[in-house]
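Please read the structure below before turning to the comments.
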Amino acid sequence: MPKTIELLNKALAIKSASEWARLFNIVPSTITNARTKGKLSPAIAGNFAIELGEDPTQWMIAAMMENEREALLIDRLCAAKPEWRKL
């Protein structure tokens, strides 16, 4: 499964954190904090994916799973939607 930090690094190779922050109407520290933590929120991951021409659903699911603390909830979700495991 891809990591959202890969998406962030790809985006930052194109534009600076400040430019992305202006585009998404967020403060630049949101992107800086995500870089420090090594993961994106699902909403920001989806927006980066849209701007980079990638599948936002895949990246939002990846971000959700990175941020999910309860492994049982992930297992339950994957059981309900087996095709998500392929993402």
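The values are calculated or read from the model by the stated rules, or taken from the named source; none is laboratory data. Values in this document were obtained by computation on a predicted structure and should not be read as measured data. A quick note on method: Cβ atoms are made from the backbone with ideal geometry, for glycine too, and the neighbour counts reach across all protein chains shown. Only protein heavy atoms, including side chains, enter the accessible area calculation; ligands, DNA and RNA are left aside. Shrake-Rupley method; radii C 1.70, N 1.55, O 1.52, S 1.80 Å.
The set of residues in the stretch 20-46 that are in a helix (DSSP H, G or I), of a type in the set (A, V, I, L, M, F, W, C) and in contact with a Phe, Trp or Tyr (Cβ under 8 Å, 6 or more places away or on another chain) comprises W20, I31, I44, A45.
Just wondering, is there one or more residues in the stretch 18-31 that are open to solvent by 70 Å² or more (accessible area, probe 1.4 Å), polar (S, T, N, Q) and farther than 17 Å from A62 by Cβ? Looking through the stretch 18-31, at least one residue is open to solvent by 70 Å² or more (accessible area, probe 1.4 Å), polar (S, T, N, Q) and farther than 17 Å from A62 by Cβ.
Scanning the stretch 3-17 for residues that are part of a loop (DSSP other than H, G, I, E, B) and surrounded by 14 or more Cβ atoms within 10 Å (Cβ to Cβ) yields a single hit, K3.
Checking each residue in the stretch 39-51 for being among the hydrophobic types (A, V, I, L, M, F, W, C) and either crowded, with 21+ Cβ neighbours inside 10 Å or in contact with a helix residue (DSSP H, G or I) (Cβ under 6 Å, 6 or more places away or on another chain) (or both) picks out L40, I44, A45, F48, A49, I50. With respect to I5, determine if the residue is among the aliphatic types (A, V, I, L, M) and either modelled with pLDDT under 95 or within 11 Å of the chain's Cα centre (by Cα) (or both). Criteria met by I5.
Scanning the stretch 66-84 for residues that are at pLDDT 80 or above and open to solvent by less than 50 Å² (accessible area, probe 1.4 Å) turns up at least one hit.
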